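One structure is given here, and the rest of the page talks about it.
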Amino acid sequence: MNQHARLDDKAIPFIDVAAQRRRLGRAVDDAVARVLAHCQFINGPEVRALESELAAFCGVRHAIACSSGTDAMLLVLMAWGIGPGDAVICPAFTFCATAEVVALVGATPVMADVRADSFNLDPDSLQRTVATAKRLGLRAKVVIPVDLFGLPADHDAIAALAAAHDLFVLDDAAQAFGATYKGRKLGTFGAATATSFFPAKPLGCYGDGGAVFTDDDELAARVKSLRVHGEGVDKYDTVRIGMTGRLDTIQAAILLEKLKIFPEEIAARGQIAARYAEALADVAMVPQSGKESTSVWAQYTIRVESGRRDGLAAALKAQGIPTAVYYAKPLHRQAAYRGFPVVAGGLPVSDRLSEEVISLPMHAYLERPLQDRIGDAVRRALAS
Ligand SMILES: Cc1ncc(COP(=O)(O)O)c(C=O)c1O
């Protein structure tokens, strides 16, 4: 998490969870102490309080806290009864969890390509992927757009195609909770949204956690039952096959404190992204938040000519600046996913991006002098 490196004797973390911890100070300690005092470690009052705060934050009827972002998506697919013979369309350029949950319910992930300018699902490719799925004899049931690196996908175009092909939309906003599309917060697009509170995420807890968002009362009720083994009205009268999918009360208590400063942190990330863009726009392809969207900048990912990335990473490393590559292999190149179908015509953009992307340090507590040093170092490395 805190990948520390040295630059002029100043540690540069890639993501600095410790700086936020210092800012929050006793607030988190006190919140945890309250849980330790009341001892309701599972489904305690903080879980319900968090759910209502999260729902109010993004303007949705139901927020259902759960054990991780992966489980959030799994719970929704289970609630919809997705299974063998069903196709779930997802972008190939994403974290594995997006397709993993599809395989876990026995359905088939069918991979679509992304757009080079946003890193997100390409609606044209989605259209072609539906045709590919049908040609393979699968029932196209769900599309999972991903709001990669914190930037919302093209939700209007995706919603129109989903309506035309009768697909459920499950938005994978694991990296983008807090971002907006056309003035609305993520969590309100599609039939359901999943997010992650993994510590490195823009809103992270101190362990694993996630949430499902939906306006659909029936779906919400089913997800709540599934996260507790499929319980019915009576806890010991199980009505469906479920799982252990709850968020711990301690994590909810921590998230309640972090949510208070989250809007300020999003603003700080936006300022850092703008400063990086100013410094780097003429030497690399810098990410844009778009006219209709705001990003929460889970990652600040630039693109450089393929073949130059390793040199850039090495030059930055030598100056104590950590970088990361998300993702060096798109899903269809990874051993676990190689066997699943891809859109007819292949995934040229996902393949190209996997050779060009490199992410720079990004967190709300990255100070201005460090931003400048990183910007200068990237410029120098790319100029040489
Ligand atoms: C795009 C995406 N989807 C899903 C997940 C899964 O979230 P979690 O780690 O909370 O299970 C992640 C986590 O990194 C992610 O980046």
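The values are calculated or read from the model by the stated rules, or taken from the named source; none is laboratory data. Here the structure is a predicted model, which means the values were calculated and not measured. Backbone-built Cβ (ideal geometry, glycine too); neighbour counts: all protein chains shown. The protein model used for the area step is the full one, side chains on, heavy atoms only, and it has no ligands, DNA or RNA in it. Shrake-Rupley method; radii C 1.70, N 1.55, O 1.52, S 1.80 Å.
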Counting only protein heavy atoms and a 1.4 Å probe, tell me what percentage of the chain's accessible area is made up of carbon and sulfur. 52
CD proxy, 222 nm, the chain: helix-only mean residue ellipticity via -39,500 (n - 2.57) per DSSP H run with n ≥ 4, per residue, nearest 500, stands at -13000 deg cm²/dmol
Hey, can you rank 341-353, 61-73 by average C-beta count inside 10 Å, highest first? 61-73, 341-353
Here the net charge surrounding residue 355, from other residues whose Cβ is less than 12 Å away from its Cβ (Lys, Arg +1; Asp, Glu -1), is +2
Hey, can you find the accessible area per residue of the range 40-164 for me, probe 1.4 Å, expressed in square angstrom? 32
Of the residues 361, 343, 211, the Cα lying farthest along the dipole of the chain towards its positive end, which is defined by charges on the beta carbon of Lys, Arg, Asp and Glu, belongs to 361
Between residue 192 and residues 5 or more places away or on another chain, which pairs have amide H atoms under 5 Å apart, with H built 1.01 Å from N, and which residues are they? 169, 171
Across the chain, how many lysine pairs, 8 or more apart or on two chains, come within less than 25 Å at their alpha-carbon atoms? 21
Expressed as a whole-number percentage, the relative contact order of the chain with C-alpha contacts under 8 angstrom and at least six residues apart is 22
Name the residue farthest towards the positive end of the dipole of the chain from the options 253, 220, 314, assuming +1 on Cβ of Lys and Arg, -1 on Cβ of Asp and Glu, about the Cα centre. 314
Is there a quick way to get the dipole size of the chain? I mean about its Cα centre, with the Cβ of Lys and Arg at +1 and of Asp and Glu at -1; what is the value in debye to the nearest 20? 480
May I ask what percent, to the nearest 5, of DSSP beta bridges between residues of the chain are antiparallel? 60
If packing is taken as the average number of other Cβ atoms within 10 Å across a peptide's residues, how do 285-295, 109-119 rank, most packed first? 109-119, 285-295
When a/c is below 1.5 the answer is rounded, else prolate if a/b is larger than b/c, else oblate, so apply that to the chain with a ≥ b ≥ c taken from the square roots of the Cα gyration tensor eigenvalues. oblate
With every protein chain kept in place and ligands, DNA and RNA left out, what is the accessible area per residue of the range 252-345? Probe 1.4 Å, answer in Å². 46
Report the full-extension gain for the segment residue 308 to residue 344: residue separation times 0.36 nm, less the Cα-Cα distance, to one decimal in nm. 10.0 nm
List the chymotrypsin sites (Phe, Trp or Tyr not before Pro) within the range 204-277 that fall in a DSSP loop (any state other than H, G, I, E or B) and whose Cβ has at most 14 other Cβ atoms within 10 Å. 236
Compute the length gained on full extension between residue 136 and residue 27: take 0.36 nm times their separation in residues and subtract their Cα-Cα distance, giving the result in nm to one decimal. 33.8 nm
Can you find, among 165, 136, 153, the residue farthest towards the positive end of the dipole of the range 107-257? Put +1 on the C-beta of Lys and Arg, -1 on that of Asp and Glu. 136
Calculated SAXS-style log₁₀ I(q)/I(0) at q = 0.09, 0.10, 0.11, 0.21 Å⁻¹ - the range 110-246, Debye, Cα scatterers: -0.32, -0.39, -0.47, -1.23
Could you pull out which residues in the range 71-100 have an amide N less than 13 Å from a spot 7 Å beyond the Cα of residue 163, following the Cα-Cβ vector? none
So, in nm, how far is label residue 367 from label residue 96 when the simple model puts each one 7 Å beyond its Cα toward the Cβ? 3.9
Segment residue 49-residue 288, extension gain: residue separation times 0.36 nm, minus the distance between their alpha carbons: 82.6 nm
Distance between the range 64-117 and the range 261-326 - C-alpha centres, whole angstrom: 27
How big is the Rg/Rh ratio for the range 278-384, C-alpha atoms only, Rh by Kirkwood, two decimals? 1.01
Listed by chain and number, the residues whose amide H is under 5 Å from that of residue 44, excluding neighbours fewer than 5 places away on the same chain and using placed H, are 249
The range 26-100 - Rg (one decimal) and Dmax (whole number), Cα, Å: 16.8, 52
